[in-house]
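Chemist: Quick one: the structure is below, and I'll ask about it shortly.
The values are calculated or read from the model by the stated rules, or taken from the named source; none is laboratory data. What you see is a predicted model; the values in this text were computed from it and never measured. Glycine also receives a Cβ, built like all others from the backbone with ideal geometry; neighbour counts cover every protein chain displayed. The area values use the complete protein model at the heavy-atom level, side chains included, leaving out ligands, DNA and RNA. Shrake-Rupley method; radii C 1.70, N 1.55, O 1.52, S 1.80 Å.
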Amino acid sequence: MTSAADNKQALMRCIELFNQGTLEWVDTCYSDKLEWIELPKSGTPSGRRGDIAAFRQAAAQTLTLFPNRRLRVLSSVAESDCVAMEQEWQGTAASTVGDFVAARTATLRVASFFTLENGLIIKQIDYCVSGG
């Protein structure tokens, strides 16, 4: 069994990979058994959910719209196989789509709840709000 500290460290590594601007973080950090839930927010008023394929597709779409994006961890706590993380996400839109205007920086405050198994994320629930 992986410790809470190991799980927290695995997620910090995922953030490092995310900030490199590729999709490597998805295949490195997530299990094929992933259950993903993103609660409604601007741009996705019905929210999003799905398996690893849906998550990978959403990550690819986000990277296309926001090739210059970063996550910054504000706080995190871990217990057993669960990690809760407060993050600030910032990205500059490459083009105008929906509420996002080309060349403008968008900021989201994100609370994510992760469940890990053998160092990989098997469940992720995201709550996002605009602003910082």
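Chemist: Can you tell me the 0 to 90 degree angle between the C-alpha axis of helix 52-65 and the longest principal axis of the chain, rounded to 10?
Modeler: Taking Cα atoms only, the helix is inclined about 40 degrees.
Chemist: Per DSSP helix of 4 or more residues, -39500 (n - 2.57); summed, then divided by the residues of the chain. What does that give at 222 nm, rounded to the nearest 500?
Modeler: -8000 deg cm²/dmol
Chemist: Turning to a different aspect of this structure: Counting only protein heavy atoms and a 1.4 Å probe, tell me what percentage of the chain's accessible area is made up of carbon and sulfur.
Modeler: Taking all protein chains in place, the chain shows 53 percent carbon and sulfur surface.
Chemist: Give the residues of region 30-57 whose amide nitrogen is closer than 13 Å to a point set 7 Å from the Cα of ALA111 in the direction of its Cβ.
Modeler: Within reach of a label on ALA111: 39.
Chemist: Could you estimate the translational diffusion coefficient of the chain from the Stokes-Einstein equation, with Rh from the Kirkwood formula over C-alpha pairs, at 25 °C and 0.890 mPa s, in whole µm²/s?
Modeler: Details: Rh = 15.0 Å.
The Stokes-Einstein estimate is 164 µm²/s.
Chemist: For CYS82 and SER95, calculate 0.36 nm times their separation in residues minus their Cα-Cα distance, and state this gained length in nm to one decimal.
Modeler: Gain in length upon complete extension: 1.1 nm.
Chemist: Note the full-extension length gain between THR44 and THR2 as 0.36 nm times their separation in residues minus their Cα-Cα distance, in nm to one decimal.
Modeler: Contour length minus Cα-Cα distance gives 11.7 nm.
Chemist: Using a 10 Å cut-off on Cβ atoms, rank the peptides 83-92, 26-35 from the highest mean neighbour count down.
Modeler: 83-92, 26-35
Chemist: At a temperature of 37 °C and a viscosity of 0.692 mPa s, determine how fast region 60-125 diffuses translationally according to Stokes-Einstein, using the Kirkwood radius over alpha-carbon pairs as Rh; express D in µm²/s, rounded to the nearest whole number.
Modeler: Value of D from the Cα-based Kirkwood radius: 248 µm²/s.
Chemist: Taking the chain as a Gaussian network, Cα atoms linked when under 10 Å apart, which of VAL110, VAL77, VAL97 shows the biggest mean-square fluctuation?
Modeler: Largest GNM mean-square fluctuation: VAL97.
Chemist: Just subtract the alpha-carbon distance of ARG70 and ASP27 from 0.36 nm times their residue separation and send over the number in nm, one decimal.
Modeler: 13.7 nm
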